[in-house]
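Undergrad: Attaching a single structure in structure tokens format; questions to follow.
Here, each number is a calculation from the coordinates, and none is a lab measurement. It should be emphasised that the depicted structure is a prediction, and the values quoted were computed from it without experimental measurement. Cβ coordinates were reconstructed from backbone atoms using ideal geometry, including for glycine residues, and neighbour counts include every protein chain displayed.
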Amino acid sequence: MKRSTIILVGSTKGGVGKSTTAINLALEGKNRGKRVLLMDTDEQATIDKFIRKRTTYLETNKISDIDDIESVIQRSNIPKFLRQNLDRYDWIIIDTSGKTSEEFVKAGLFADFVISPTTPCEADNDELASLQKILSQINTLRDANDVEALLCYTFMNKVDPKTLNTFFKSEKAKVKELLSNGDYPHINLMKQYLTYYNVYQKMHGGGYGVVETKDRAKGQFQVFVNEICEIESRINK
Ligand SMILES: Nc1ncnc2c1ncn2[C@@H]1O[C@H](COP(=O)(O)OP(=O)(O)O)[C@@H](O)[C@H]1O
Ligand SMILES: [Mg+2]
């Protein structure tokens with residue numbers, strides 16, 4: 001059986017959309033017929049709170065929870081847990097906290113790639129430098145174990161559509177230029193970005209993903225997931 005793809009959602013900042021991305025990615029993966037595990041390593045336990053709300057959502061919509069995503073809170077024994085579960089899922093999606101890099105590093109030793117949300121105002125020098133620092137730390141350890149380098153794909157989240165041709169455009173150009181200067185060997189900028197949509201705020205309390213709504217955020221998120229699938233197939237080659 002094929003081994004799971006381990007997708008780490010990480011950033012050095014909180015509030016940029018890690019948990020939101022992890023949840024929607026998991027639900028879209030499930031829609032595409034994948035066996036998905038959502039792993040919460042953050043003490044904020046956003047995933048856990050979401051899953052509790054989801055029970056009501058599933059009951060109301062008469063969806064069998066057997067077909068649903070599975071989730072687990074795992075703050076210790078991450079390596080052991082991953083080793084034991086590698087055959088059981090197509091995707092293991094790991095949500096990390098922005099506060100400490102501890103889980104990021106631990107999960108990073110096993111992950112296939114990282115996706116990292118950033119927002120147009122925070123996509124700065126300092127943030128990318130601290131992200132690269134963690135990746136370098138992880139990759140020194142991976143290299144010592146003869147494992148290929150972990151690559152990170154960053155994307156802009158909460159983009160204000162009114163700024164597509166102004167602020168967003170210049171921020172994106174800045175990030176692109178920074179990333180091409182050789183100081184960030186493990187970070188790539190994704191083609192897709194995600195717009196600021198109100199449905200992202202509502203989904204946490206409602207226990208559903210934007211990909212389960214008819215909101216315009218759905219189509220955009222699905223195109224975003226297509227890019228993640230392209231990354232996955234490149235890495236698994
Ligand atoms: N694209 C988006 N549009 C609007 N709100 C968003 C978007 N992405 C995330 N949010 C909101 O931003 C807040 C922080 O998101 P969260 O996923 O919890 O961040 P993190 O896990 O990085 O701390 C939440 O209220 C979430 O609903
Ligand atoms: Mg979070």
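Undergrad: So which residues in region 204-222 are in a helix (DSSP H, G or I) and over 14 Å from N157 (Cβ atoms)?
TA: H204, G205, G206, V211, E212, R216, K218, G219, Q222, listed by residue number.
Undergrad: Another question about this same structure. Here is a list: Q132, Q137. Which entry is more than 16 Å from ligand 2 (Cβ to nearest atom), among the polar types (S, T, N, Q) and in contact with a strand residue (DSSP E or B) (Cβ under 7 Å, 6 or more places away or on another chain)?
TA: Q132
Undergrad: Here is a further query. Which one is farthest from G17 (Cα to Cα), of the residues in region 91-111 that are away from ligand 1 (no atom under 16 Å from the Cβ) and in contact with a strand residue (DSSP E or B) (Cβ under 7 Å, 6 or more places away or on another chain)?
TA: Checked region 91-111; the qualifying residue farthest from G17 (Cα to Cα) is F110.
Undergrad: What number of residues in region 124-154 are within 23 Å of E177 (Cβ to Cβ) and in a loop (DSSP other than H, G, I, E, B)?
TA: 3
Undergrad: Moving to a separate point now. Which ones in region 15-43 are touching a helix residue (DSSP H, G or I) at 6+ places or on another chain (Cβ under 8 Å) and either under 14 Å from H204 (Cβ atoms) or aromatic (F, W, Y) (or both)?
TA: If the condition is that a residue be touching a helix residue (DSSP H, G or I) at 6+ places or on another chain (Cβ under 8 Å) and either under 14 Å from H204 (Cβ atoms) or aromatic (F, W, Y) (or both), then G17, S19, T20, A22, I23, N24, L27, L38, D40, D42 are the ones that fit.
Undergrad: Still on this structure, please answer the following. Filter region 1-50 down to the residues that are buried (at least 21 other Cβ atoms within 10 Å of the Cβ), of a type in the set (A, V, I, L, M) and more than 18 Å from E102 (Cα to Cα) and list them by number.
TA: Hits for region 1-50 are V16, A22, I23, L25, A26, L27, V36, L37, L38, I47.
Undergrad: All but one of (1) touching a strand residue (DSSP E or B) at 6+ places or on another chain (Cβ under 8 Å); (2) aliphatic (A, V, I, L, M); (3) farther than 26 Å from D112 by Cβ hold for I231; which doesn't?
TA: All conditions pass for I231, except number (3).
Undergrad: If you don't mind, another one. When you check D42 against the structure, is it more than 26 Å from L150 (Cβ to Cβ) and either more than 12 Å from the chain's Cα centre (by Cα) or β-branched (V, I, T) (or both), yes or no?
TA: Answer is no for this residue.
Undergrad: Please work out which residue is farthest from T119 (Cα to Cα), limiting yourself to region 187-203 and to residues that are away from ligand 2 (no atom under 16 Å from the Cβ) and not in a loop (DSSP other than H, G, I, E, B).
TA: Checked region 187-203; the qualifying residue farthest from T119 (Cα to Cα) is K202.
Undergrad: Turning to a different aspect of this structure: What's the total number of residues in region 190-220 that are of a type in the set (A, V, I, L, M) and within 16 Å of the chain's Cα centre (by Cα)?
TA: The qualifying residues number 4.
Undergrad: Taking only region 155-186 into account, find how many residues are under 14 Å from the mean Cα position of the chain (by Cα) and either part of a helix (DSSP H, G or I) or in contact (Cβ under 8 Å) with a residue 60 or more places away in the chain (or both).
TA: Matching residues across region 155-186 total 2.
Undergrad: From T118, T166, T140, which residue is within 16 Å of ligand 1 (Cβ to nearest atom) and of a type in the set (S, T, Y)?
TA: T118
Undergrad: Give region 15-68 a look and list any residue that's within 16 Å of ligand 1 (Cβ to nearest atom), β-branched (V, I, T) and under 19 Å from V210 (Cβ atoms), or say none.
TA: V16, T20, T21, I23, T46, I47, I51
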